[in-house]
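Accompanying notes for the structure given below.
The values are calculated or read from the model by the stated rules, or taken from the named source; none is laboratory data. Keep in mind that this is a model prediction, so the values were computed, not measured. Note: ideal-geometry Cβ built from the backbone for every residue, glycine included; neighbour counts use all protein chains shown. The area values use the complete protein model at the heavy-atom level, side chains included, leaving out ligands, DNA and RNA. Shrake-Rupley method; radii C 1.70, N 1.55, O 1.52, S 1.80 Å.
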Amino acid sequence: MQREFHAGRYRLSLDRPLVMGIVNVTPDSFSDGGRYDQLDAAVAHAQRLLEEGADILDIGGESTRPGAATVSVADELGRVLPVLKALHDVGVPLSIDTRKTEVMRAALDAGVDMVNDIAALEAPGALRAVATSQAGVCLMHKQGNPQDMQQSPHYEDVVGEVRAYLAERKAQAIAAGIAAERIVLDPGFGFGKTLEHNVDLFRALQELGGPLLVGVSRKSMLGAILGQRPAEQRDAASVAAALLAAQRGAAILRVHAVRDTVDALKVWTALAK
Ligand code: 7PM
């Protein structure tokens with residue numbers, strides 16, 4: 001398996017799991033004040049995640065929550081570009097979480113190191129936009145779209161279908177000129193999946209190819225396991241799941257609670273035989 005991940009200005013060793021900290025730049029996340037409030041809050045949050053040990057920062061301006069409203073290119077860029085610019089020289093790779101080719105292009109022009117696309121570069125021009133850069137990319141599986149994906153997820157064989165989709169998207173990306181070292185794969189927990197689908201995928205993590213990025217932080221699958229616990233009370237569960245994913249070889253853990261996840265990984269490193 002691949003030992004490095006190449007992302008823009010960076011070559012990251014995959015000898016230990018990397019922690020990707022989530023920075024949401026959406027009106028519903030931080031203060032609902034004006035644009036500068038939102039920028040300040042996002043940058044301050046990112047600085048905190050860095051102090052807590054984040055290896056990568058993932059900056060997103062579109063909520064992909066089930067049922068969330070769509071956002072225009074102009075609005076999404078208005079949210080994320082100032083944050084990307086403010087964080088450009090913090091010393092870790094910056095990832096842009098977007099499905100939109102225009103947003104990818106503008107973010108890449110602003111020097112972003114990685115594209116995290118829940119649509120696996122399926123949008124017209126997206127493969128080309130990433131191929132003509134040096135950025136890394138995360139190709140994620142989903143069934144349906146955020147507006148309706150949780151209505152009736154269906155698979156004959158969720159593990160086989162997700163594995164085949166990811167392998168196909170990776171082959172397409174390589175054919176478009178994106179080196180394998182620049183690609184990570186993601187089964188897309190919660191994206192058009194029932195609790196049972198998510199559990200099947202998690203148990204089969206090692207069969208999905210890779211390197212893998214795993215995002216389970218605060219997700220409803222954990223809420224369901226705990227008995228419908230609200231998102232802000234799912235951090236211990238998120239850390240447990242992240243640690244399990246790491247033990248099963250996940251390369252990158254996408255998390256909200258960076259400090260707790262870094263602590264858990266340190267304990268694993270110190271105590272595991
Ligand atoms: C419900 C579903 C609420 C999803 C919030 C989310 C992933 C991602 C997101 C992921 C990659 C969240 C999300 N999840 N990108 N973006 N993998 N690569 O938890 O699992 O922030 S959105």
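Descriptive notes on the structure:
- Residue list for the range 39-62, filter: closer than 22 Å to Ala242 by Cα and within 14 Å of the ligand (Cβ to nearest atom): His45, Leu49, Ile56, Leu57, Asp58, Ile59, Gly60
- Single residue of the range 64-77 satisfying the filter (open to solvent by 30 Å² or more (accessible area, probe 1.4 Å) and part of a loop (DSSP other than H, G, I, E, B)) that is nearest to the ligand (Cβ to nearest atom): Arg65
- Scope the range 214-235; condition more than 16 Å from Val19 (Cα to Cα) and assigned to a helix (DSSP H, G or I); matching residues: Ser220, Met221, Leu222, Gly223, Ala224, Ile225, Leu226, Ala231, Glu232, Gln233
- Applying the condition of being open to solvent by 50 Å² or more (accessible area, probe 1.4 Å) and not in a loop (DSSP other than H, G, I, E, B) to the range 126-164 and asking which residue is nearest to Met104 (Cα to Cα) yields Arg128.
- Filter result for Val115 (aliphatic (A, V, I, L, M), without any contact (Cβ under 8 Å) to a residue 24 or more places away in the chain and outside any helix (DSSP H, G or I)): yes
- Qualifying residue in the range 81-96 (condition: open to solvent by 30 Å² or more (accessible area, probe 1.4 Å) and within 17 Å of Ser133 (Cα to Cα)): yes
- Out of Ala167, Ala173, one residue alone is more than 16 Å from the ligand (Cβ to nearest atom), within 19 Å of the chain's Cα centre (by Cα) and not in a strand (DSSP E or B). It is Ala167.
- Test: residue in the range 51-59 that is modelled with pLDDT of 90 or more and part of a helix (DSSP H, G or I): yes
- Number of positions in the range 201-210 that are within 13 Å of the ligand (Cβ to nearest atom) and open to solvent by 10 Å² or more (accessible area, probe 1.4 Å): 1
- Near pairs, Cβ below 8 angstrom, 6+ apart or cross-chain, from the range 174-200 (open to solvent by 20 Å² or more (accessible area, probe 1.4 Å)) to any residue that is away from the ligand (no atom under 16 Å from the Cβ) and aromatic (Phe, Trp, Tyr): His197/Tyr155
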